[in-house]
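Below is one structure; the comments refer to it alone.
The values are calculated or read from the model by the stated rules, or taken from the named source; none is laboratory data. Predicted model, so just to flag it, every value in this text is computed and none were measured. With ideal geometry, Cβ positions are generated from the backbone for all residues, glycine too; neighbour counts draw on all protein chains shown. Areas reflect the complete protein model, heavy atoms only, side chains present, ligands, DNA and RNA absent. Shrake-Rupley method; radii C 1.70, N 1.55, O 1.52, S 1.80 Å.
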Amino acid sequence: MSEHVTSRARGLLCAALLAAGRPLGARELATVLGVAQGEVASLVAALQAALQAQDLGLVVEEVAGGYRLVVDPALTPALSPLLAPPPLPALSAAALETLALVAYQQPITRGELEAARGASCASTLETLQERELIKVVGRKEVIGRPLLYGTTERFLLEFGLKSLQDLPPLEEAPTDFLRG
């Protein structure tokens, strides 16, 4: 690729990432840029290098199976007065515990969550769904066909994960946490 073509593709890539407002996958970017899917990673690396060389305060982040343009995390404290709306209140310990169980054990039913936690989690599940961190992903093929819960793309975005494989390993993964 000539320098002019690379420069144009880099500019188009930057504009696409800014305009989308969501992570864009390699396939989608290849279509927009008119290049082979295999060339996307090198164009992203070139854009990242250009942003860093120019000290523009932006970085390309790989998250949730795609790429997005974000403010350099080192600059966010200085920008806090401009950021709105205010962040949602932190999740409670119960919500974080429930979210962790969903993330590591998905798909999982409410009954399985309650058995693992030893407490009701109906309102916690509602809160996590309202925040779009979990969603109903189906029904379990057993009597009563209970709802199955799984994490969302927003979960990956909020926790800065490329995929669920980026979750830290469990020190002691339960093999069967249901009683009986």
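Among the numbered conditions (1) outside any helix (DSSP H, G or I); (2) open to solvent by less than 30 Å² (accessible area, probe 1.4 Å); (3) among the aromatic types (Phe, Trp, Tyr), tell me where Phe155 comes up short. In the conditions (1) outside any helix (DSSP H, G or I); (2) open to solvent by less than 30 Å² (accessible area, probe 1.4 Å); (3) among the aromatic types (Phe, Trp, Tyr), Phe155 misses (1) alone.
Screening the stretch 43-56 for residues that are among the small types (Gly, Ala, Ser) and open to solvent by less than 70 Å² (accessible area, probe 1.4 Å) and picking the one that is nearest to the chain's Cα centre (by Cα) gives Ala45. Being in contact with a helix residue (DSSP H, G or I) (Cβ under 9 Å, 6 or more places away or on another chain), at pLDDT 85 or above and open to solvent by less than 40 Å² (accessible area, probe 1.4 Å) holds for only one residue in Val32, Val60, and it is Val60.
Condition first: of a type in the set (Ser, Thr, Tyr) and surrounded by fewer than 13 Cβ atoms within 10 Å (Cβ to Cβ). Can you find one or more residues in the stretch 82-93 that meet it? Within the stretch 82-93, one or more residues are of a type in the set (Ser, Thr, Tyr) and surrounded by fewer than 13 Cβ atoms within 10 Å (Cβ to Cβ). Residue pairs whose Cβ atoms lie under 9 Å apart, separated by 6 or more positions or on different chains, with the first residue in the stretch 20-39 and within 21 Å of Val59 (Cα to Cα) and without any contact (Cβ under 8 Å) to a residue 60 or more places away in the chain and the second of a type in the set (Phe, Trp, Tyr) and crowded, with 18+ Cβ neighbours inside 10 Å, are Leu24/Tyr67; Gly25/Tyr67; Ala26/Tyr67; Leu29/Tyr67. Scanning the stretch 103-135 for residues that are aliphatic (A, V, I, L, M) and in a strand (DSSP E or B) gives Ile108, Ile134. Working only within the stretch 63-76, note down all residues that are open to solvent by less than 70 Å² (accessible area, probe 1.4 Å), within 18 Å of Asp166 (Cβ to Cβ) and not small (Gly, Ala, Ser). Val63, Tyr67, Arg68, Val70 - these are the residues of the stretch 63-76 that are open to solvent by less than 70 Å² (accessible area, probe 1.4 Å), within 18 Å of Asp166 (Cβ to Cβ) and not small (Gly, Ala, Ser).
If Val142 satisfies every condition in (1) farther than 25 Å from Glu61 by Cα; (2) touching a helix residue (DSSP H, G or I) at 6+ places or on another chain (Cβ under 7 Å); (3) at pLDDT 90 or above but one, which is the exception? Against the list (1) farther than 25 Å from Glu61 by Cα; (2) touching a helix residue (DSSP H, G or I) at 6+ places or on another chain (Cβ under 7 Å); (3) at pLDDT 90 or above, Val142 comes up short only on (2). Name the single residue that is nearest to Pro169 (Cα to Cα) among those in the stretch 105-151 being among the polar types (S, T, N, Q) and open to solvent by 30 Å² or more (accessible area, probe 1.4 Å). Per the criteria, the residue is Gln105.
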